[in-house]
1. Taking the Cα centre of the chain as origin and charging only Cβ (+1 Lys, Arg; -1 Asp, Glu), how large is the dipole, in debye to the nearest 20?
2. Quick check on packing: order 55-65, 249-259 by the mean number of other C-beta atoms within 10 Å, highest mean leading.
3. Expressed as a rounded percentage, what relative contact order does the chain have, with Cα pairs under 8 Å and six or more residues apart?
4. Treat each spin label as a single point 7 Å out from the Cα along the C-beta direction, and report the E41 to L172 distance in nm.
5. So what's the gap between the Cα centers of the range 38-72 and the range 156-194, to the nearest angstrom?
6. Taking the highest mean first, how do the peptides 37-49, 74-86 order by number of other beta carbon atoms within 10 angstrom per residue?
7. Report, in debye and to the nearest 20, how large the dipole of the range 236-318 comes out about its Cα centre when Lys and Arg carry +1 and Asp and Glu carry -1 on their Cβ.
8. For the chain, with a Gaussian network of springs between Cα atoms less than 10 Å apart, report the residue from S225, S263, S12 with the top mean-square fluctuation.
Amino acid sequence: MLSIIIVNYNSSEVLKECFSSINRFCNDQPIEILIVDSGSEELDKEKLKEIRDNKVRIIFANENIGYAKAVNLGIKNSQGQHILISNPDVIYLKESIQKMSDALRQIPNCGAVAPKTWWNYNRDFLLPKSEIITPFGNLLIDLARSSRAFYEAFFKRWVKRNLVFWLTDKPLKQEMLSGACIMTKKEVIESIGGFDEGFSLYFEDTDWSIRMLKSGYDLYLIPDSEVIHLYNQSAKKDKSAAEYKFNLSMQKYFIKHFSFQSSLVNFMKKLLSQRLKAPSSIRYEIDLGLIKKPPFFKFESRGRKLLLLSPLEVLIPSAGAFIEDDSFMFPPDLWDCLGEGRYFLRCLLLDSLRYCGSWTWIKG
């Protein structure tokens, strides 16, 4: 049996769509779905109760107990030998769950798997590979902002790694998997434990991936398993609260796994403080200003292109789209998923990774 754990926090509308996609493609599989509600508002709880299915159990926590603790509560009450941990804003495509389950059984020494993940319904942009964040890695990104030459080399190295990730057609070993959609075995959880409940939100999946690798298990991307992740729908409702929780969890994570490196990097930052305070060297050719509808982009260069989209000027990480045309209309469904704020988009010719346009704007 497969147990699917979904944590809900005021996300009943997208969760219903997630549930429908599971139901549509899992009719022939023995599954159970455990929805753990982590202190949602009463109206959202009532909407959850509209999901009536003999495969579904809903566990109501009296308060917001945090994502990690809610996942662990679901696992504790599960009966399956395979466990799929899912965000409520993940939409499953045909055979995606079956292909993850098959890979988990067939790949030797496999501890967990994850699917190829699209950002929008129309499947234009792919989300990037999940990577283990380190204090030194964060320092390199800060340094890249202050040196154009260093940024170009650092950025292209990141792009090449993600091209392998985006274009592979075979299972690919990973250093970590995103907790938004990850399938594992009950025996693995019994061996290494569940999510660390010290992380109320963010970095619980990074911590768990590190622990799994240290225990000798391998992690895999399964590229022929595809889902849509309407990324960060809860966070966009309260961006400042999400940033606060992210930074708080990152500090705990650094202390747990990179205490010495974190101290060393803090010392290096003091030595490099003037350089790090320098204005960013990263430039975007066109600033569209404040806009309220999806933009249209025109490219002068011909050939297959890679578009990179991110709320971060360094574009690390960023989502990627592959296009053949000389123009691109920003997908309306993806536009609706984006919260308010500034965004950056860069176009590269795929064969040479040469720039052929860059834009920034503020979504109002």
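1. It works out to roughly 1140 debye.
2. 249-259, 55-65
3. The normalised contact order for the chain reaches 18 percent.
4. Between E41 and L172, the label points sit 4.0 nm apart.
5. The distance from the Cα centre of the range 38-72 to that of the range 156-194 comes to 27 Å.
6. Going by the mean number of other Cβ atoms within 10 Å, highest first, we get 74-86, 37-49.
7. Its charge dipole is roughly 160 debye.
8. S263
Coordinate-derived values only; no laboratory data. Worth saying up front: this structure is predicted, and the values here are computed from it rather than measured. All Cβ positions, glycine included, derive from the backbone under ideal geometry; neighbour counts span all protein chains shown.
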